[in-house]
Every structure is written in structure tokens, then in C-alpha cells.
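Contents: one structure, followed by commentary.
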Amino acid sequence: MSANKKLLVLPGDGIGPEVMHEVRRVIDWMDRRRHVSFGIEEGLVGGAALEAEGSPCPDRTVERALAADAVLFGSVGGPKWDSLPFDKRPELGILRLRKELGLFANLRPALVLEPLVDASSLKPDVVRGLDLMIVRETTGGIYFGEPRGVETLPNGKRRGIDTEVYTEDEIARVARVAFDLARKRSNRLTSVEKANVMQSGRLWRAVVSEIGRDEFPDVELSHMYADNCAMQLANRPKQFDVILAGNLFGDVLSDLAAALTGSLGMLPSATLGAPDSSGRRNALYEPIHGSAPDIAGKGIANPCAQMLSFAMLLRWSFGMEEDAKMIETAVEKVLAGGLRTADIMGPGTARVGTSVMGDAVLRELDKLAA
Ligand code: IPM
Ligand code: MG
């Protein structure tokens, strides 16, 4: 079968390459067992790209990402590069890709699987069955706003500047993604900002209200200040279904939401661009755990989030719902069977490393496909 699905794989730094290796095994399995064939290219990003080519996101990586149907991203960054000047930092790898591919809608599910209820630091009753989705804007806001920089004042003291800025079109397009998702879930959307202190927050609230009123009157919309949302997430997370937020608040709240689930090692994400007339959209999929340099190279990282990111890729970029579900079910079965990587250990479970976890997922896939 011809490889009509073009993927760019960017393992990046830290545990990225190790967990990506397990996904490559899943992709090979799919080639053999599910008769879909992927054309896979591997590229450089982050510190790895910096060392090899002098830039955390070389032009060639951007070109290949634009030409691919979907990008599967690992993670970038590490202490080795912490003291580099701003324009060399590995994090620019992901930021530039988001910007150049127009990936404005970042979908971050926080899902508590039953076998992992005890991995959360919250009481089991508070998190059991938790299933929420954060939709975070990722090409605007304070991450990219101008002016920005550090300047020296006439008195010789330095001043650092960042600018939070949103146009109504930027707000509207990400709001539509969130409303659409809410419709597919339980029809509730909470939009988050600081309209009480920020002008861009006031506009955010107004635009989201207008879109709701005019285009999604059936979706139950509520608004929440970001600080309150953080508190509510920690206290009563199950009140939420879809949460919509700008770049910075979305960054912070999605880490909090992830922590509720007990392990960053389990959570995938998708970042989507606007669909063109044929429905095709640029898209990048990445685990939210980051490069975890402290455990990199030890063979103990949890590959599940990277595998689940691949499942999201199948669902969102190729409409392969059945295959996506298969991977998700396989992962859940492995956990239910008691195997755990170090990050999700619980009483009565067996500790295994990255590749044994990968083996176990492949075995479950075999069973599911039998
Ligand atoms: C994330 C990360 C990134 C961000 C960093 C690595 C630039 O924290 O994807 O949440 O702040 O967006
Ligand atoms: Mg973050």
C-alpha cells in the first residue's frame, strides 16, 4: 500500500527520543496489522537541532513540517541549554513551529483513568472519572506580543517588557474550536480570562459571548477569572467540561489540570491550525510532559503520553477513530493489568521501564486486533 499519510517525527531532547522510539514500534505494528502505511521522516528540533545545525528550529524543519500531514513532536529543552541567550533556547523550537504552522488551538485533555485514580494527590472521589479538555490559544497573547524585551533605562536600571495582545479574530477562531468541542462532549464551555484587570481580558469575554450568542446558542457558556479557575480546578475539577483560555493562562491551567490526573506522563495534546477548503489542517501532536532531563537516558520514562499523542493524531488528522481508540484501550488495559512506570506507581503494582511498557502495549494491541 502506498504511504499516503506523511508524518514528520521530531523526537527532540531529554526523554523525547526514548518515548518516541516506543511510538515508532506502534507505527510499525500498524503498518503490519492494520494495513495503513505512513511515510515517516524524522527531523531535528530543540537542543538536538541547536547542536547539529545551530538553531533550535532550523528552516528545514519548518519546511518539512509544512509539507507533512501531521507532526509528531517529542519534547525540547534541558539544563544544558538553560543559560543560552533567548533566541537560541530549545523552547523556541516548539514556539516557532506553532507560529509558522498557524497552530492556534491547543487541545489538552485531562483524563483520569480508573486504574490511576490513586496516582492523583487529590482524594479519589474528587478526581474519579475526571474528563476535561483545555483549549488553549497558542499563536498569540503574551507569548508573541510586541513590544517585548529587556531595555536599559536612563538611570542604568533594566526593565523587562512583555505584551498581552489579542485581536478579536484571534479570540473568535479559537473560541469556535472550543464551542465545537463542547458540542461533541457535554455541551458546556467555561471561558477563562482576567476581565477584571486586563483590557485584553475584557475583549476576550465580549468576543466569546458574542460567538456563543450568535453561533452556539445551544452550548452552555460561563466565564471565570483565571485565578478562580485555578482554585476551582484544585477543589472541584469535575464541574468542568471544556475550558477555553489564552496562551499564558492556558499554559498554567493545563499544568494544573494535568497534575490532577496524577501523572504528566499520561497526557497527550494536539495543536491545530485552521482547516483549508479541503478540510486539511496543519497539526502537531505532543505529550505535555516535556523533556524531563532528570530521568532522560535511564529507560524509565513513561511512553504512554507519546503513544496517546499518536492516537490523537490518528483521530484528528486522519479521522481514524477506530485505530485511535485501539491504542487508548491498549494503554488502559496495560495499566489495569498493574504495570507501571516509576511516575505512576501505586500500591500492588509492578514497576517497569519504558521498553517493557511498550512491549505490553503492543501485546494488548495484538489481542485487540486478533
Ligand atoms: C507547553 C510548554 C511550552 C509553553 C514551553 C516549552 C515553551 O510549557 O507546551 O506548555 O510554554 O507553551
Ligand atoms: Mg506549559
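The values are calculated or read from the model by the stated rules, or taken from the named source; none is laboratory data. Bear in mind that the values here come from a model prediction, so they are computed numbers and not experimental data. Cβ atoms come from the backbone with ideal geometry, glycine included; neighbour counts cover every protein chain shown. Accessible surface areas use protein heavy atoms only, side chains included; no ligands, DNA or RNA. Shrake-Rupley method; radii C 1.70, N 1.55, O 1.52, S 1.80 Å.
Restricting attention to region 262-290 and to residues that are part of a loop (DSSP other than H, G, I, E, B) and open to solvent by less than 10 Å² (accessible area, probe 1.4 Å), the residue that is nearest to ligand 2 (Cβ to nearest atom) turns out to be Leu267. Within region 277-301, the only residue that satisfies the criterion of being of a type in the set (S, T, N, Q) and within 12 Å of ligand 1 (Cβ to nearest atom) is Ser291. Reported count of residues in region 65-92, each being out of contact with any Cys (no Cβ under 8 Å at 6 or more places or on another chain), open to solvent by 10 Å² or more (accessible area, probe 1.4 Å) and of a type outside the set (Asp, Glu), is 13.
Would you say Ala274 is within 16 Å of ligand 1 (Cβ to nearest atom), closer than 22 Å to Leu95 by Cα and in contact (Cβ under 8 Å) with a residue 60 or more places away in the chain? For Ala274, the condition - within 16 Å of ligand 1 (Cβ to nearest atom), closer than 22 Å to Leu95 by Cα and in contact (Cβ under 8 Å) with a residue 60 or more places away in the chain - is not met. When residues in region 51-81 are screened for being more than 19 Å from Ile40 (Cα to Cα) and within 16 Å of ligand 2 (Cβ to nearest atom), 3 of them pass.
A single member of Gly141, Gly145 is within 29 Å of Ala48 (Cβ to Cβ) and touching a residue at least 40 places away in the same chain (Cβ under 8 Å), and it is Gly141. Considering only residues in region 207-253 that are away from ligand 1 (no atom under 16 Å from the Cβ) and of a type in the set (Asp, Glu), the one that is least open to solvent (accessible area, probe 1.4 Å) turns out to be Asp241.
Looking at the structure I just gave you, is Ala292 at positive phi and either among the acidic types (Asp, Glu) or in contact with a Ser or Thr (Cβ under 8 Å, 6 or more places away or on another chain) (or both)? It is true that Ala292 is at positive phi and either among the acidic types (Asp, Glu) or in contact with a Ser or Thr (Cβ under 8 Å, 6 or more places away or on another chain) (or both). The residues listed here are Arg185, Arg176; of these, the one that is in contact with an Asp or Glu (Cβ under 6 Å, 6 or more places away or on another chain), under 28 Å from Leu97 (Cβ atoms) and touching a residue at least 12 places away in the same chain (Cβ under 8 Å) is Arg185. In this structure, Arg60 qualifies as closer than 23 Å to His21 by Cα and open to solvent by 30 Å² or more (accessible area, probe 1.4 Å).
Considering only residues that are among the hydroxyl-bearing types (Ser, Thr, Tyr) and either closer than 19 Å to Thr139 by Cα or surrounded by fewer than 16 Cβ atoms within 10 Å (Cβ to Cβ) (or both), which ones fall in region 165-206? If the condition is that a residue be among the hydroxyl-bearing types (Ser, Thr, Tyr) and either closer than 19 Å to Thr139 by Cα or surrounded by fewer than 16 Cβ atoms within 10 Å (Cβ to Cβ) (or both), then Tyr166, Thr167, Ser186, Ser191, Ser200 are the ones that fit. Checking the stated criteria, Asp214 turns out to be more than 22 Å from the chain's Cα centre (by Cα) and either more than 16 Å from ligand 2 (Cβ to nearest atom) or not hydrophobic (A, V, I, L, M, F, W, C) (or both). Based on this model, can you work out whether Lys298 counts as charged (D, E, K, R), surrounded by fewer than 23 Cβ atoms within 10 Å (Cβ to Cβ) and farther than 25 Å from Asp31 by Cα? So Lys298 fits the description; yes.
What do you reckon, is Leu111 of a type in the set (A, V, I, L, M, F, W, C), more than 16 Å from ligand 2 (Cβ to nearest atom), out of contact with any helix residue (DSSP H, G or I) (no Cβ under 7 Å at 6 or more places or on another chain) and within 19 Å of Gln306 (Cα to Cα)? So Leu111 passes the test.
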